[in-house]
Structure formats: structure tokens, C-alpha cells
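> Got a structure for you, questions after.
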Amino acid sequence: MLIRCPHCKIKNRIPEDRLDEALQCGRCHQTIFEGAVVDLSESEWADIANHSNRLMVIDFWAEWCGPCKTMAPQFEIVASQLPAIRFAKINTDLAPNLSSTLAIRSIPTLLLWKNGRELDRRAGAMPASALRAWLERHGSDRS
Ligand SMILES: [Zn+2]
């Protein structure tokens, strides 16, 4: 599968069976997923959801959504603080099927995912402190 490096934006080809390892970008050599928010498409999400067992939080957002724009920098702050958790964002306008499958009814919605299933979700924008507190309740589980 292809994952866009959040640092230099180039797409890296990643074998599905290596998704849970530390993934280094072939161009900028920074670690993909560690400390940064990765943009995912519907199909990229499907690959990750089915092949990764790592704890992951996904921000479902859209361009026209004011609270989503307020939330985005808060999400990035917490991503840099909690490198053990993988942070991703999915534009709901570009992922209508997935949004429907996951019953995303309002945005922003944050979904916590692990081992191929949803652990928890939160609807509405959250400040970094509340987001971090929510994640840390689940984040001790790093297996
Ligand atoms: Zn890179």
C-alpha cells in the first residue's frame, strides 16, 4: 500500500505485513506516523484497518467545517506528544462510503481504533488537553 509521508508529502510503498513496524520515509528518512498526523484516503484506511494492530486515532473532518479547522492544530499538538499512538485524518467529503459504514454523523468525530475494531469515539471539537486525557485512558495499551 501507499502512505503519504506527513513530513515531506511523498508517497511511500509499504508492504501490508510491515505496517506495524516503525516506518521510515524513503525520501526524508523521518518516521511516518511518529509524532505527526497522516492523511488517509478511504482505500488507504481500509488497508490499515485490516492489516495493522496498532492503536490509532482518526480525525474525520471536512474543508467546510469550522470546528474541524479549530480542532486540527490541537490534534497535531497531541500527535507530537503521544508518539506511541498513530494519528490520522480522513476527509469525509472524499470518503463518503467509509463515513457511512462507520456511521459518522457529525464532524469532527474522533475514532479510536485497534486490532480491526473501534474502541471508542468522540463527536465534537476538543482542546488538546481533553483529547490527550481521553487518549491516555486508552494509550497505556501499547501491545
Ligand atoms: Zn518523508
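> Per 0.36 nm of contour for each residue apart, how much would the distance between Ser100 and Lys69 grow if the chain were fully extended, relative to their Cα-Cα spacing? Don't skip to the answer; put the middle values down first.
Values: separation 31, 0.36 × 31 = 11.16 nm, distance 2.17 nm.
Taking 0.36 nm per residue and subtracting the Cα distance, the gain is 9.0 nm.
> So, one more: Would you please give the FRET efficiency between Glu136 and Asn115, computed as 1/(1 + (r/R0)^6) with r the Cβ-Cβ distance and R0 = 22 Å, to the nearest 0.05? List each step's numbers first, then the result.
Numbers: r = 19 Å, r/R0 = 0.86.
Given R0 = 22 Å and the Cβ-Cβ separation, E is 0.70.
> I would also like to ask the following. Give me the Å³ per residue figure for the convex hull around the C-alpha atoms of segment 73-143.
Numbers: hull volume 6.6 nm³, N = 71.
With only Cα atoms used, segment 73-143 gives 93 Å³ per residue.
> Show me the trypsin sites (Lys or Arg not before Pro) within segment 58-143 that DSSP assigns to loop and that have at most 12 other Cβ atoms within 10 Å of their Cβ. If you can, show how the numbers build up before the last one.
Working: sites: Lys69, Arg86, Lys89, Arg105, Lys114, Arg117, Arg121, Arg122, Arg132, Arg137, Arg142; in loops: Arg105, Arg142.
Loop-located and lightly packed - Arg105, Arg142.
> Compute log10 of I(q)/I(0) for segment 13-90 with the Debye formula, placing one identical point scatterer on every Cα and leaving out solvent, at q = 0.17 Å⁻¹, to two decimals.
-0.69
> Next up: If you put +1 on each Lys and Arg Cβ and -1 on each Asp and Glu Cβ, how big is the dipole of the chain around its Cα centre, in Debye rounded to 20? Kindly include the intermediate steps, with their values, before the conclusion.
On the way: 18 positive and 17 negative charges, 40 e Å.
Charge dipole of the chain: 200 debye, to the nearest 20.
> While we're here: Please report, in Å, the Rg and the Dmax of the chain, where both are computed over Cα atoms only.
14.0, 38
> Same structure again: Which of the lysines could a cross-linker span from Lys69 if the Cα-Cα distance has to be under 22 Å and same-chain partners fewer than 8 positions apart are dropped?
Excluding near neighbours in sequence, the set is Lys9, Lys89.
> Sticking with this one: Once the Cβ-Cβ distance between His29 and Ser80 is put in as r, and R0 is 22 Å, what FRET efficiency do you end up with, to the nearest 0.05? Could you put the intermediate results ahead of the total?
Numbers: r = 18 Å, r/R0 = 0.82.
Result of the calculation: an efficiency of 0.75.
> Note down the relative contact order for the chain as a percent, whole number, built from C-alpha pairs under 8 angstrom at least six residues apart.
On the way: 253 pairs, mean separation 36.1, N = 143.
Over the chain, the number comes to 25 percent.
Bear in mind these aren't lab numbers, they're just calculated from the coordinates by the rules spelled out. Bear in mind that the values here come from a model prediction, so they are computed numbers and not experimental data. Reconstructed Cβ throughout: ideal geometry from the backbone, glycine too, with neighbour counts over all protein chains shown.
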